[in-house]
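Let me begin by presenting the structure, written as C-alpha cells, before commenting on it.
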Amino acid sequence: MSKSVLIVDDSSSVRTVVGIALRGAGYEVLEASDGADGLRKLDGRKVHLIISDVNMPGMDGLTFLKEIKKSATLKFIPVMMLTTEAGADKMAVGKAEGARAWMTKPFKPEQMLAAVQKLVLP
Amino acid sequence: MDSLARRTLHALGWQDEAPGSEDGHVTSPAAQQLSVLTGIWARQIDAARSHGSGSVDKLTGLFAGIERQLAEAIEMTEQAAKAMQGSGDSGMAGAVDVARERLQHVMGMIESAVASNHALFEQVTQAVQAVRELNETAQSVEKISQMTTLLSINARIEAARAGEAGQGFAVVADEVRRLAAQSRQESQTIMARVARIEAVIQGTSDAAEALKQRDRELIERSRSDMSGIVDELGDSMQRVMETSVSLCDIGQAARMSVTEALIQFQFQDRVSQRLHHVQLSAERLGEVLQRDWPQAQQVDALNANLLSSYTMPEEGRIHRNEAEPDDDSDGLVMF
C-alpha cells in the first residue's frame, strides 16, 4: 500500500507541483488550502507525512502545526514546512513546535523527495 | 511636509496647496490626494497579484493535465511495447513463430494432398507400361500366327508330296493355315485397340506429369510467398515496436519538460508574496496620509514595517539595494 502525504498550501499551483512530484514517486496525495482545511482532511484519516506552507490565509502553517501536535491522534505524524519564509526566528518557532524539517521555496523536487523519504512514517 | 513627501509630489507633478505647512500639523489636500493614490497603487497591485495567481493556477492546472495525459499515453505505449516484446506466444517473436509454424503445417497438408495425387499419377504410368506389354504380347501372337501360316504351307506341300496318304494331313494343314490367319487378324485387332488405349493413357500420363510439375511450382511459390508474408509481418511488428519505444522516449522527454515548466511556476508564489508585502505597505502609507503628511519617524516606521513583513531574504536585499550573493544553500534544514 502506498504511503499518503497531505499537502497544505493556499497556492493551488504549489499543491499541483508538489503533488506531481510525490505521485511520480508513488505516494498518495491529499491536498488542503490552509490549516483549517488540513485538519478537516485529517479527520479520521491516517497520513504518513504532512507538508505545510507557513503563510496562508485562514489558519497559518505554524498554528496548524501547533494543532497537530496538540492532537493525541495526529501528533506523531511528521511535519515538514515548505515555505518562502526563510527567517531564522520563524524557523526556530517551527522547530520548537515540532516540525521535523524546513524547506524554503522554490524547492527542487529531487531534494524534497529525499527529505520526504527520510521523514515519512514506516 | 518632509522631503520624502515633497519629492513624491514633485515626481507626480502636483503642487502642495499649503506650502506653509512645514510642521505637518495642517492636513494638506495633496496628502489626501496622495492617500487616494496609494489606495489606487494597492488595488492595482492586488489586482495584478490576483490576476497573476489566477492565471498561473490555470496554467499549472493545464500543464498538470498535460502531464497526466502524457503519463497515461506513455504507460499505454509501454504496455503495448512490453506485450510485443513479451516472452512465449504472447510476444511479437512468439506470434511470428506461431504464424510461421501454422503456415508450415498448412503447407505440409497441401504437400500431403499433392503427394496422394502423385501416387495416382504413378498408377497411370504403370498402366501405360502394362498396355505396352500387352501390345508386345499381341505382336508376339501375330509373329506366331505368321510362323504358323508358313508351317501350314510347308505341311500342305509335304501332304501333296505324300499323295493319297497325305490328303487327310492336307486338310489339317489347310485348317491350321486358316486358324493362323484368323489368329493374325485378331492379334492385329488387339494391337489397334491397345494402341488407342495406349494413346489415351499416355495422354493422361502426360497431363499428370504436367500437373505434377505445376503442383511443384505452386507449392514452391506458396512456400516462398507465405514465408515472405510472415517475414513482412515480423518486420512490421518490429517497426511498430521500435516506434513505440521512440514514442515512449519522446513522451518521457515531453513529460520531463512539462514537469520542469511546472516547477518553474513556483515563481508565482514568491511574486505574489512580494506584491502582497508592497501592497500592505502602500495601504499603510495611505492610512498615514489620510491623517496628514508623515513625519520622519512615521516614514521610518513604515520602512521598518515593510522590512519586517518580508519572508524571503532576497526581499530584504532588494530593499537595502544589496548585491545578490552566491546562493549555494540547498534550502533544506532537517531538525
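Structure notes:
- Qualifying residue in the range B:246-264 (condition: among the charged types (D, E, K, R) and more than 12 Å from chain A (Cβ to nearest Cβ)): yes
- Residue within the range A:21-39 that is touching a Phe, Trp or Tyr at 6+ places or on another chain (Cβ under 9 Å) and facing chain B (nearest Cβ under 10 Å) present: yes
- Meets criteria (over 26 Å from B:Met191 (Cα atoms), among the β-branched types (Val, Ile, Thr) and not in a loop (DSSP other than H, G, I, E, B)) for B:Ile144: no
- Every test in (1) at the interface with chain B (Cβ under 8 Å from one of its Cβ atoms); (2) modelled with pLDDT of 95 or more; (3) under 14 Å from A:Val8 (Cβ atoms) is passed by A:Leu62 save one, and that test is (1).
- Check on B:Ser205, out of contact with any Pro (no Cβ under 7 Å at 6 or more places or on another chain), closer than 30 Å to B:Gln123 by Cα and more than 14 Å from chain A (Cβ to nearest Cβ): yes
- Count of the range B:81-125 residues which are touching a residue at least 40 places away in the same chain (Cβ under 8 Å) and charged (D, E, K, R): 2
- Residue within the range B:267-279 that is surrounded by 16 or more Cβ atoms within 10 Å (Cβ to Cβ) and among the aromatic types (Phe, Trp, Tyr) present: no
- Some residue of the range B:271-285 being out of contact with any strand residue (DSSP E or B) (no Cβ under 9 Å at 6 or more places or on another chain), within 14 Å of another protein chain (Cβ to nearest Cβ), small (Gly, Ala, Ser) and in contact (Cβ under 8 Å) with a residue 24 or more places away in the chain: yes
- Test for B:Arg178: is it part of a helix (DSSP H, G or I) and modelled with pLDDT under 90: no
- Screening B:Asp292 against (1) modelled with pLDDT under 90; (2) more than 14 Å from every other protein chain (Cβ to nearest Cβ); (3) within 28 Å of B:His51 (Cα to Cα) leaves a single unmet condition, (3).
- Taken over the range A:84-122, the residue count meeting the criterion of being facing chain B (nearest Cβ under 7 Å), β-branched (Val, Ile, Thr) and within 13 Å of the chain's Cα centre (by Cα) is 1.
- Selection of the range B:24-37 for residues being hydrophobic (A, V, I, L, M, F, W, C) and either modelled with pLDDT of 95 or more or more than 23 Å from B:Leu306 (Cα to Cα) (or both) yields B:Val26, B:Ala30.
- Just one of the listed residues (B:Leu275, B:Leu307) is under 52 Å from the mean Cα position of the chain (by Cα) and either assigned to a helix (DSSP H, G or I) or acidic (Asp, Glu) (or both), and it is B:Leu275.
- Checked against (1) under 60 Å from the mean Cα position of the chain (by Cα); (2) exposed (fewer than 15 other Cβ atoms within 10 Å of the Cβ); (3) modelled with pLDDT of 90 or more, B:Ile40 meets all criteria but (1).
- Annotation note: Cβ proximity below 9 Å between a residue of the range B:57-70 that is more than 9 Å from every other protein chain (Cβ to nearest Cβ) and a residue that is of a type in the set (D, E, K, R) and surrounded by 18 or more Cβ atoms within 10 Å (Cβ to Cβ) (sequence gap 6+ or interchain) occurs for B:Ile66/B:Arg255; B:Leu70/B:Arg255.
- For the range B:310-328, the criterion of a residue being under 30 Å from B:Phe63 (Cβ atoms), surrounded by 13 or more Cβ atoms within 10 Å (Cβ to Cβ) and of a type in the set (S, T, N, Q) is satisfied by at least one position.
- The one condition in (1) without any contact (Cβ under 8 Å) to a residue 24 or more places away in the chain; (2) away from chain B (no Cβ under 14 Å); (3) in contact with a helix residue (DSSP H, G or I) (Cβ under 9 Å, 6 or more places away or on another chain) that A:Thr16 fails to fulfil: (2)
- Only a single item in (1) surrounded by 18 or more Cβ atoms within 10 Å (Cβ to Cβ); (2) of a type in the set (D, E, K, R); (3) under 30 Å from A:Ser52 (Cα atoms) is not met by B:Asp292, and it is number (3).
The values are calculated or read from the model by the stated rules, or taken from the named source; none is laboratory data. Everything numeric in this text was worked out from a predicted model, so none of it was measured. A quick note on method: Cβ atoms are made from the backbone with ideal geometry, for glycine too, and the neighbour counts reach across all protein chains shown.
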